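Taking it in order: structure first as structure tokens, then the write-up.
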Amino acid sequence: MTSLEPELSPNASADPHPLQRQGWLRASVRAVGKTLAIADMEVRKLRHDPTELFTRAIQPALWLLIFGQVISRGHVVDTGDLPYLDFLVPGILAQSVLFIAIFNGISIIWERDLGIVHKFLASPTPRASLVLGKALAGGVRAVTQAVVVLLLALLLGVRLRWDPLALSGVVLFVVLGAAVFSTFSLIIACLVKTRERFMGIGQVLTMPLFFASNAIYPTAMMPGWLRVLSHLNPLTYQVDALRQLLLPGVGLARIGLEADLGVLCAALVVLVTLSARLYPRIVT
């Protein structure tokens, strides 16, 4: 008896939904394109107001030129064979990234007041693309700040690695760290919803995050409770990665670049997911 059912090819059962997979691929490509469009829009704001770059360069300059020089002469912090100023540069670079990114969320409060957020939410752009686009733009701002810090370090005679592989790693961790703290900033903005409250909370959070990290002193010098907080702080992992990439022959206790990258990526995924869910609340 002849079967009336059509014969299936051997490869048909292995991939039962090729059209669905192609749809996912097209959707992913569109999401990436929309993320880059949001990031480009944010970067254009920086091009229209480049004075922000110069004003933000004052703080790291003060830390390196005054704080770093004084502590180096006093030999207050034990960094082994590594000069304290060399030890400090990656920490100040991470601090600059933090201070730029943590106030990035105020942009969506301005956009809500101007009605821009309502247009974004009415568009088919995925919420995750809106969040990632702003986080990526924060990374671009942070890279410009990193150039300033590295030039200051060069003028101060700090010994750094200048090979392309190390500098590429620095850019990666600067962008990743900025994305983490920018996304965290967006969550705060979605919750507090007003500029005044946002600025107050941002100022409250920056210093604890900075001082509860290994930016200006090794974790070995911390009391036990602060050491625990330091290992829960994403900034610690960014500073650790930047030290390994920038300082030749660094002999400090290191967590490992793979662990640093894994922690920051995991933090970014969690924060983007949460921020994308909270994003519509900014208008309610």
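The values are calculated or read from the model by the stated rules, or taken from the named source; none is laboratory data. Since the model is a prediction, treat every value here as computed from it, not as a measurement. Glycine gets a Cβ as well: all are built from the backbone with ideal geometry, and neighbour counts include every protein chain shown.
Just so you know, in segment 161-170 the residues that are part of a helix (DSSP H, G or I) and surrounded by 15 or more Cβ atoms within 10 Å (Cβ to Cβ) include one that is farthest from the chain's Cα centre (by Cα), and it is 166.
Candidates are the residues of segment 215-239 that are more than 28 Å from residue 189 (Cβ to Cβ) and either under 17 Å from the mean Cα position of the chain (by Cα) or of a type in the set (Ser, Thr, Tyr) (or both); the one that is surrounded by the fewest Cβ atoms within 10 Å (Cβ to Cβ) is 219.
Taking the numbered list (1) among the polar types (S, T, N, Q); (2) assigned to a helix (DSSP H, G or I); (3) within 21 Å of residue 207 (Cα to Cα) in turn, residue 72 passes all entries but (3). Screening residue 96 with (1) modelled with pLDDT under 65; (2) surrounded by 13 or more Cβ atoms within 10 Å (Cβ to Cβ) gives one miss only, at (1). The residue pairs whose first member lies in segment 242-269 and is within 17 Å of residue 166 (Cβ to Cβ), whose second member is surrounded by fewer than 19 Cβ atoms within 10 Å (Cβ to Cβ) and modelled with pLDDT of 95 or more, and whose beta carbons are closer than 9 Å, counting only pairs six or more residues apart or on different chains, do not exist in this structure.
Taking (1) closer than 26 Å to residue 211 by Cβ; (2) at pLDDT 70 or above in turn, residue 109 satisfies each apart from (1).
Within segment 189-217, the set of residues being in contact (Cβ under 8 Å) with a residue 24 or more places away in the chain, closer than 15 Å to residue 101 by Cβ and part of a helix (DSSP H, G or I) comprises 189, 198, 199, 202, 205, 206, 209, 210. Scanning segment 195-212 for residues that are more than 18 Å from the chain's Cα centre (by Cα), β-branched (Val, Ile, Thr) and surrounded by 13 or more Cβ atoms within 10 Å (Cβ to Cβ) yields a single hit, 201.
Scanning segment 87-134 for residues that are touching a residue at least 40 places away in the same chain (Cβ under 8 Å) and not in a helix (DSSP H, G or I) turns up 102, 103, 104, 105, 125, 126.
All conditions in (1) of a type in the set (Val, Ile, Thr); (2) surrounded by 15 or more Cβ atoms within 10 Å (Cβ to Cβ); (3) free of Cβ contacts under 8 Å to residues at least 40 places away in the same chain hold for residue 158, with the sole exception of (3). Regarding segment 260-275, can at least one residue be identified that is at pLDDT 90 or above, not aromatic (Phe, Trp, Tyr) and not in a helix (DSSP H, G or I)? Looking through segment 260-275, none of the residues is at pLDDT 90 or above, not aromatic (Phe, Trp, Tyr) and not in a helix (DSSP H, G or I).
Determine whether segment 172-190 contains at least one residue that is under 24 Å from residue 233 (Cβ atoms), touching a Cys at 6+ places or on another chain (Cβ under 8 Å) and surrounded by 14 or more Cβ atoms within 10 Å (Cβ to Cβ). Talk me through it step by step, then tell me what you get.
Looking only at segment 172-190, we keep the residues that are under 24 Å from residue 233 (Cβ atoms), and these are 172-190.
Then keep just the ones that are touching a Cys at 6+ places or on another chain (Cβ under 8 Å); that gives 176.
Right, trim to surrounded by 14 or more Cβ atoms within 10 Å (Cβ to Cβ) and you get 176.
Yes, segment 172-190 contains a residue that is under 24 Å from residue 233 (Cβ atoms), touching a Cys at 6+ places or on another chain (Cβ under 8 Å) and surrounded by 14 or more Cβ atoms within 10 Å (Cβ to Cβ).
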